[in-house]
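Participant: The structure that follows is given in the form of structure tokens.
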Amino acid sequence: MRMLVLGAGLQGSACAYDLLQNDAITEVRLADRSVEQLPKFLLPYVGGQRLKTITLDVKDGAAVAAAMDGVQAVMCALPYYFNKPMTEAAIAAGAHFCDLGGNTEIVQDQKTLDAAAKAKGVTVVPDCGLAPGMVNILAQLGIDRLDETQSVRIYVGGLPQEPVGPLKYQIVYSIEGVLDYYTTLSWIVRDKKRVQVKALSEIEPVHFDAPVGELEAFHTAGGLSTMAHRYEGKIPELEYKTLRYPGHAKIMEAIRELGLIDDAPVDVKGQQVSPRDVAIAQMHPRLFKKDSPDVVALRVVVKGTKGGKPQTHSFELVDRYDAKNGISAMMRTTGYSLSITGQLQAMGKVQPNGVHTPDECMPGETYVTELGKRGILIRQTVS
């Protein structure tokens, strides 16, 4: 098998590393505008037969087509606004495609390509990271195991193992993405109706076993992908919340309400300046801690009935920084998830052809087994 990974950042590099652990994959192409500074865990593969780095401008259609030529699957770890054109290119190349998603409107646009994907005999799976991605697959597993589902609650967060500073937080993914989630309305299902709620709202405590301990959960956008649309009128309650250490949400809410992370430019001494650009420039160096150990905490709780009796299916994960290889928990749970999806697509285990989100098409049990092979252990309980 030959695979293409678009984007050589944190998640794309982790995805490429995971692909290289499968000997059945003969070639991994890793493409980005710059592939000069790869992480240490990829260096042993540089110059070898299996890892091929490609300097690529994804706005160059001919170059993208050449990079996709002959591959079985394309895994996209680029910013979300590239996902639709990359989907179109992959379909034209006759390659399966998956991405990290994160923007539900773009996912809906990708779904308009369903007929084209079917005509080419390929699968397209947007939103294949941690959240959206892993959490949606686990939620669907719970739904499938019940006769009737009454509620689905999803909690997930990437956190520093040692909280420091006023926000008790470090950047483990993208500061731009975090601020987007904190300023965008979140779709949920309540009383079987799809409604929107403000990000950072409805804070509740969530407890994990030590050493994680007490966390807080609050609404943020994007994590449900299209599940709120899919299950409107079918499931009474469906919601997604982000996990942080206690106190984080109220500080970020104050920053947001003061306009300090607004995107629209304001006049500052005769210059048009975006408050969000200033916030990112100030916050990133303070919150980005290279190689600082992180932890990903996840819980999915699905309640309903089975055989006429109440039943709850719970899924829990606490994953930690891989110190041996220098791979963060967020990279493991996001980049590896993307890799697993692409591999299952290439092996024909994702059906049917067309464009489907992970909860609609991913073989959940197989996916959980693949996570376990990588030491990402989902604890499942039934009560």
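The values are calculated or read from the model by the stated rules, or taken from the named source; none is laboratory data. In this text the structure is predicted, and so the values were computed from the model without any measurement. Because the Cβ atoms are built from the backbone with ideal geometry, glycine has one as well, and the counts that use them run over all protein chains shown.
Participant: Tally up the residues in region 237-268 that are of a type in the set (Gly, Ala, Ser) and either surrounded by 21 or more Cβ atoms within 10 Å (Cβ to Cβ) or within 23 Å of Glu204 (Cβ to Cβ) (or both), please.
Facilitator: Adding up the residues that qualify gives 3.
Participant: So, one more: Can you tell me which residues in region 298-333 are β-branched (Val, Ile, Thr), over 23 Å from His207 (Cα atoms) and under 17 Å from the mean Cα position of the chain (by Cα)?
Facilitator: Ile327
Participant: Specify which of the listed residues (Arg256, Arg194) is farther than 25 Å from Gln140 by Cβ and among the charged types (D, E, K, R).
Facilitator: After applying the criteria, what remains is Arg256.
Participant: Looking only at residues in region 314-342 that are crowded, with 24+ Cβ neighbours inside 10 Å and of a type in the set (Ser, Thr, Tyr), which one is modelled with the lowest pLDDT?
Facilitator: The selected residue is Ser328.
Participant: For region 193-212, state whether one or more residues are under 25 Å from Ser314 (Cα atoms) and touching a Gly at 6+ places or on another chain (Cβ under 6 Å).
Facilitator: No: region 193-212 contains no residue that is under 25 Å from Ser314 (Cα atoms) and touching a Gly at 6+ places or on another chain (Cβ under 6 Å).
Participant: If you don't mind, there's one more thing I want to ask. For region 1-82, which strands (runs of 3 or more DSSP E) that fit wholly inside it have 3 or more residues that are touching a Lys or Arg at 6+ places or on another chain (Cβ under 8 Å) and either modelled with pLDDT of 95 or more or not polar (S, T, N, Q) (or both)?
Facilitator: Output list reads 2-6, 27-32, 51-55.
This table checks each residue for (1) under 30 Å from Asp359 (Cβ atoms); (2) assigned by TED's automatic domain parsing to the domain that holds Ala14; (3) not in a helix (DSSP H, G or I).
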residue	(1), (2), (3)
Gln282	no, no, no
Val302	yes, no, yes
Phe315	yes, no, yes
Tyr336	yes, yes, no
Ser339	yes, yes, no
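Participant: Name the single residue, out of those in region 200-236 being free of Cβ contacts under 8 Å to residues at least 40 places away in the same chain and buried (at least 18 other Cβ atoms within 10 Å of the Cβ), that is farthest from Val152 (Cα to Cα).
Facilitator: Glu216
Participant: Among the residues of region 190-204, how many are in contact with a Phe, Trp or Tyr (Cβ under 9 Å, 6 or more places away or on another chain), assigned to a strand (DSSP E or B) and closer than 17 Å to Ala217 by Cβ?
Facilitator: 2
Participant: Quickly run through region 234-263 and pick out the residues that are part of a loop (DSSP other than H, G, I, E, B) and under 22 Å from the mean Cα position of the chain (by Cα).
Facilitator: Tyr245
Participant: Ok, one more. I need a count of the residues in region 101-136 that are buried (at least 21 other Cβ atoms within 10 Å of the Cβ) and out of contact with any Leu (no Cβ under 6 Å at 6 or more places or on another chain).
Facilitator: Here the count works out to 20.
Participant: If you scan region 341-361, which residues turn out to be under 27 Å from His229 (Cα atoms), among the hydrophobic types (A, V, I, L, M, F, W, C) and not in a loop (DSSP other than H, G, I, E, B)?
Facilitator: Listed by number, the residues that qualify are Leu344, Val355, Cys361.
Participant: Also: Any residue in region 146-161 that is free of Cβ contacts under 8 Å to residues at least 40 places away in the same chain and more than 18 Å from Glu316 (Cβ to Cβ) sitting within a Cβ distance under 9 Å of a residue that is of a type in the set (Asp, Glu) and in a strand (DSSP E or B)? List the pairs, counting only those 6 or more apart or interchain.
Facilitator: From region 146-161, no pairs qualify.
Participant: Additional query: May I ask you to say which residue of Lys84, Lys52, Lys59, Lys111 is touching a residue at least 60 places away in the same chain (Cβ under 8 Å), of a type in the set (Lys, Arg) and in the same structural domain as Pro358 (by TED's automatic domain parsing)?
Facilitator: Lys111
Participant: Could I ask something else about it? Surrounded by fewer than 23 Cβ atoms within 10 Å (Cβ to Cβ), over 23 Å from the mean Cα position of the chain (by Cα) and not hydroxyl-bearing (Ser, Thr, Tyr): is that true of Asp32 in this structure?
Facilitator: For Asp32, the condition - surrounded by fewer than 23 Cβ atoms within 10 Å (Cβ to Cβ), over 23 Å from the mean Cα position of the chain (by Cα) and not hydroxyl-bearing (Ser, Thr, Tyr) - is not met.
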